[in-house]
Amino acid sequence: MAERLVKYSRAQQKDVQDEHFYDAQCPYCSMQCKMRVIEQKGPSRTQYKTIALDNPTSEGRLCVKGIHAYQHAVHRERVKQPLFKVDGQFVPVSWEFALSVIKEKFTNIQEKFGTDAVSVYGGGSLTNEVAYLLGKFARVALRTKYIDYNGRFCMSAAASAANQAFGIDRGLTTRLDEIEQTDCIILAGTNIAECQPTIMPYFERAKENGTKIIVIDPRVTETSKMADWHIQLKLEQMQH
Ligand code: SF4
């Protein structure tokens, strides 16, 4: 079987007519693993492969989410142009038309209710440059004071709790390279084994060094399974 796979892959390689490399960074979690996406165009199809690139955080590892992240960009159902709803149906329109409609609607709303009546909502996976432009767009073009991003909803409760407990609002209170020298680690409400798997070797090395790991989570997860103590809170306890 392995021999046939090797033969197949070599045959595929020969058919490659054009090859492009894209160096990218996975946006799905704070590890920000680096990768190279290889695009190979053949006579009948284009195929993609992802390889991990070395970097100080994930040390050259990638998880399954990162390996398949390119699929969002190349998926056949990806919406590539604006859609406008007419009689309940979405119809493709030009960017010029879409932007003129947005401008007209925004202008009407702001004239009627003030500039702060519109807001801008960004995403945690925006690059620094795009986030900067979005901020400029909100403040200078729209002149609204309301700008937010999805990270507030996923992190604000944790940030408040961490502030009260440790006086710092970071998700991680140590540097990654300090993890394996730590005596005791508390993982509260996090499932790193499944959500940030490339960070796991830091904790595995810590365990080899004798670190005690406490996991606070109502669920049994792959993370709680590696804990020395799993504090499994009941819902009633979490409400207080
Ligand atoms: S651990 Fe996985 S999800 Fe997180 S940045 Fe790396 S590849 Fe992406």
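On a 30 Å Cα-Cα criterion, which of the cross-link pairs K34/K105; K105/K145; K41/K65; K49/K103; K34/K207 come out too long? Could you put the intermediate results ahead of the total?
Numbers: K34/K105 40 Å; K105/K145 18 Å; K41/K65 23 Å; K49/K103 40 Å; K34/K207 26 Å.
Cα-Cα > 30 Å for K34/K105; K49/K103; rest within.
Here the Gaussian network model covers the chain, with springs between Cα atoms less than 10 Å apart; of A157, A52, A69, A157 fluctuates the most. Taking all protein chains together and rolling a 1.4 Å probe, S156 ends up with roughly 50 Å² accessible. Considering only DSSP beta bridges whose two residues both sit in the chain, what percent are antiparallel, to the nearest 5? So the antiparallel bridges in the chain amount to around 65 percent. Shown here are the Rg and Dmax of the Cα trace of region 1-144, at 21.6, 70 Å. Here is how the number arises for the chain: DSSP H runs of 4 or more residues each give -39500 (n - 2.57), the sum is divided by the residue count, and the result at 222 nm is -10000 deg cm²/dmol. Rg of the Cα atoms in the chain, relative to 2.2 N^0.38 Å, amounts to 1.35. Heavy-atom accessible area for I102, with the other protein chains in place and a 1.4 Å probe, reaches approximately 80 Å². Divide the volume of the convex hull around the Cα atoms of region 115-232 by the residue count and you get 132 Å³ per residue. Name all residues of region 79-97 having a backbone nitrogen under 19 Å from the label point set 7 Å from the Cα of H20 along its Cα→Cβ direction, giving them as ranges. Output list for this probe position: 79-81.
Of the residues Q196, Q25, Q89, the one that moves most in a GNM of the chain with alpha-carbon contacts below 10 Å is Q89.
To the nearest µm²/s, what D does Stokes-Einstein give for region 185-231 at 25 °C and 0.890 mPa s, using the Kirkwood radius over alpha carbon pairs as Rh? Provide the component values of the computation, followed by the final result.
Working: Rh = 10.4 Å.
The Stokes-Einstein estimate is 235 µm²/s.
The values are calculated or read from the model by the stated rules, or taken from the named source; none is laboratory data. The structure displayed is predicted, hence computed values, not measured ones. A quick note on method: Cβ atoms are made from the backbone with ideal geometry, for glycine too, and the neighbour counts reach across all protein chains shown. We work out accessible area using only protein heavy atoms, side chains counted, and drop any ligands, DNA or RNA first. Shrake-Rupley method; radii C 1.70, N 1.55, O 1.52, S 1.80 Å.
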